[in-house]
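A.B. asks: The structure's right below; bear with me while I get my questions together.
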Amino acid sequence: MGLETMTPAKQTTTTTTLVFTYGTLKTGFSNHVLMQDLIRSGDASFKGVYKTLDKYPLVCGPYRVPFLLNKPGSGHHVTGELYAVSPRGLSRLDELEGISRGHYVRHPIRLSAAEEDEGGDLETEPSLVEAYYAHKSYEEELWRRNRGRSFGAYTENEARGYVKRKDRPQHLSFLDHIRIFVSSPSD
């Protein structure tokens, strides 16, 4: 009987969510240490480089923080990395992305292989692939602040000037930083 009760729990821990990362969680960027930690603990595995099937705006906000805006049809086919993440890993990503604090929202996104020869690697329903988007409460202002300009990949060039969370003014919340940014003049 003990073995039977362990089997469902084991199945639960092997259920993964595919998560598309396009910014600081990607290889070579500041928050990738979290992905490395999740890979080491068995809570994530790298699936490859993909791009969005539809065009989306990818913009920078305060401190060069990247934001994907949920405006399909605008912007570019965004390139990023896909990871299979356990429920425990997803919880840690949701915490980093401030899901419960209104920083980002996690919604489905459709992807295609970034390279033609990779073709057919993504054999899941597109609705099962998740991405972190800017929260609706400031998305439109962020789009206006960037004057409708976006880019197809968060690269070293876009990240130039990025300020880590610990190095930002601590007396302001993340949402305060966004409000100040969107109300300031564009470059």
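The values are calculated or read from the model by the stated rules, or taken from the named source; none is laboratory data. Note that the coordinates shown come from a computational prediction; the quantities given were computed from them, not determined experimentally. Quick reminder, even Gly has a Cβ in these numbers, built from the backbone with ideal geometry, and neighbours come from all protein chains shown. The accessibility values were calculated without ligands, DNA or RNA, using every heavy atom of the protein model including side chains. Shrake-Rupley method; radii C 1.70, N 1.55, O 1.52, S 1.80 Å.
A.B. asks: Work out how far the C-alpha atoms of the range 140-187 reach from end to end along every principal axis, then list the three figures in whole Å, largest first.
C.D. replies: 32, 24, 16
A.B. asks: Give me the number: length gained by fully extending R149 to T15, i.e. 0.36 nm times residue separation minus the C-alpha to C-alpha distance, one decimal in nm.
C.D. replies: That pair, R149 and T15, stretches by 44.5 nm at full extension.
A.B. asks: Next question. List every residue whose amide H lies under 5 Å from the amide H of H77, counting only residues 5 or more places away in sequence or on a different chain, with H placed 1.01 Å from N in the peptide plane.
C.D. replies: Residues meeting the amide H criterion: Y56.
A.B. asks: Could you sort out which of K47/K71; K26/K47; K26/K55; K51/K164; K26/K166 sit more than 22 Å apart by Cα distance in this structure?
C.D. replies: Over 22 Å apart, Cα to Cα: K47/K71; K51/K164.
A.B. asks: Sequence-distant or interchain residues sharing an amide H contact under 5 Å with N146, placed H: which?
C.D. replies: none
A.B. asks: Where in the range 170-187 is the amide nitrogen less than 19 Å from a point lying 7 Å along the Cα-to-Cβ axis of Y63?
C.D. replies: 170-184
A.B. asks: Could you sort 77-89, 96-108 so that the peptide with the highest average Cβ count within 10 Å comes first and the rest follow in order?
C.D. replies: Descending mean neighbour count gives 77-89, 96-108.
A.B. asks: Taking every DSSP beta bridge with both residues inside the range 23-91, roughly what % is antiparallel (nearest 5)?
C.D. replies: Antiparallel bridges: around 100 percent, rounded to the nearest 5.
A.B. asks: Further question on the same structure: Calculate, for the range 124-187, the solvent-accessible area per residue in square angstrom, rolling a 1.4 angstrom probe over the heavy atoms of the protein chains.
C.D. replies: Each residue of the range 124-187 exposes 62 Å² on average to a 1.4 Å probe.
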